[in-house]
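All remarks here apply to the structure that follows.
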Amino acid sequence: MGMPVITPSATTREQAVTDIIESVALQETALSHILNAEGEKIQKMVALPDVTPEVLLATNKSVESMVNAVSRLEMILQSKLSTFGSCLCDTTTQP
């Protein structure tokens, strides 16, 4: 396996920053869907007629684990955004 070849791109700095912000927004949307599914999981388990406390505790532990993972990803995304938070692109000068 050889070394990867990186070719120059015609993408502007402004477009690159916009793309990064858009990617964070899409990831945030995906994480919100995951959290919603976890909430639905709890609702379905609680609504079961013969659910045991042990099953509810196991479900809660599973959901807690997923929420913790999402929280860690949120911190990473926040860090990613804060990197570009002060990156104001000058729109007055166009190449």
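Just so it is clear, none of the values below were taken in a lab; they were calculated from the coordinates. Everything numeric here is computed off the predicted structure, so don't read it as measured data. With ideal geometry, Cβ positions are generated from the backbone for all residues, glycine too; neighbour counts draw on all protein chains shown.
Tell me, what is the FRET efficiency for Thr83 and Met3 to the nearest 0.05, using R0 = 25 angstrom and their Cβ-Cβ distance as r?
Numbers: r = 27 Å, r/R0 = 1.09.
Here the calculated transfer efficiency is 0.40.
With an 8 Å cut-off on Cα pairs and a minimum separation of 6 or more residues, tell me the relative contact order of the chain in percent.
Result for the chain is 39 percent.
Less than 14 Å Cβ to Cβ from Val67, Lys/Arg counted +1 and Asp/Glu -1: what total charge do the surrounding residues give?
Residues near Val67 contribute -1 overall.
Using r as the Cβ-Cβ distance of Ser71 and Val46, and R0 as 30 Å, what FRET efficiency do you calculate, to the nearest 0.05?
Once the sixth-power term is evaluated, E becomes 0.85.
What residue among Leu48, Met3, Leu31 has its Cα farthest toward the positive end of the dipole of the chain, where the charges are +1 on Lys, Arg and -1 on Asp, Glu, each on the Cβ?
Met3
Below 28 Å, Cα to Cα, which lysines can Lys61 reach? Residues fewer than 8 away in the same chain don't count.
Here the lysines satisfying the reach criterion relative to Lys61 are Lys41, Lys44.
Just the C-alpha atoms of the range 1-57: what Rg/Rh do they give, with Rh taken as the Kirkwood radius?
On the way: Rg = 22.0 Å, Rh = 15.7 Å.
In the range 1-57, Rg relative to Rh is 1.40.
Specify which labelled value, from [x] 70; [y] 58; [z] 49, agrees with percent of Cα pairs over 16 Å apart derived from the coordinates of the model shown.
Recomputing percent of Cα pairs over 16 Å apart here picks out [x].
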